[in-house]
Amino acid sequence: MAKALWNQGIFLLHGSKTESILELVMLLGIFVLVLVACVFTTRFVAGHQMQRGRNSNFKPIETYQITQNRYLHLVQIGTRYFVVSVTKENISFIAELKEEEIVAKPEKGGTQRSFKEILSDFKVKVDKNDDAQK
């Protein structure tokens, strides 16, 4: 039955295979253009949001998840620090902290290693395991 439907041309939208191939190529081209437009729009919006966030007096410092929908946020507003509880329905003030009471975490960017260093460390570990097995 499927072969009979195929022979009648029901699966082709137009009269020839060339037109169908051109339509497919055109649709793929439009799809690629939409993807490129999405990438550039996302980058533009993200850059705009980052710029707006830099000029703000509000800075999220740290977030701690208590349960699935309950969080504690440490927020810097100007020069003061606040701890707030955030749930799905409510935001509550918990405490105000002094700058001396806050222990800063080390920056992640300062401890990053290059791929070459990680690979050489891995090779050393593999060599030690090979020597230990012999």
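Tabulated data for the structure shown
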item	result
Residue in segment 39-57 that is closer than 30 Å to residue 104 by Cβ and touching a residue at least 12 places away in the same chain (Cβ under 8 Å) present	yes
Qualifying residue in segment 48-57 (condition: of a type in the set (A, V, I, L, M), modelled with pLDDT of 85 or more, open to solvent by 100 Å² or more (accessible area, probe 1.4 Å) and outside any strand (DSSP E or B))	no
Hits in segment 66-93 (condition: open to solvent by less than 100 Å² (accessible area, probe 1.4 Å) and over 17 Å from residue 103 (Cβ atoms))	66, 67, 69, 71, 77, 78, 84, 85, 86, 87, 90, 92
Test: residue in segment 111-121 that is in a strand (DSSP E or B), loosely packed, with under 10 Cβ neighbours inside 10 Å and either of a type in the set (Val, Ile, Thr) or at pLDDT 85 or above (or both)	no
Number of the exception - residue 101 against (1) surrounded by 10 or more Cβ atoms within 10 Å (Cβ to Cβ); (2) at pLDDT below 90	(1)
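The values are calculated or read from the model by the stated rules, or taken from the named source; none is laboratory data. Quantities reported herein were computed from a predicted structural model and do not represent experimental measurements. Every residue, glycine as well, gets a Cβ built from its backbone with ideal geometry; the counts of neighbours run over all protein chains shown. What goes into the accessible areas is simple: the full protein's heavy atoms, side chains included, and nothing from ligands, DNA or RNA. Shrake-Rupley method; radii C 1.70, N 1.55, O 1.52, S 1.80 Å.
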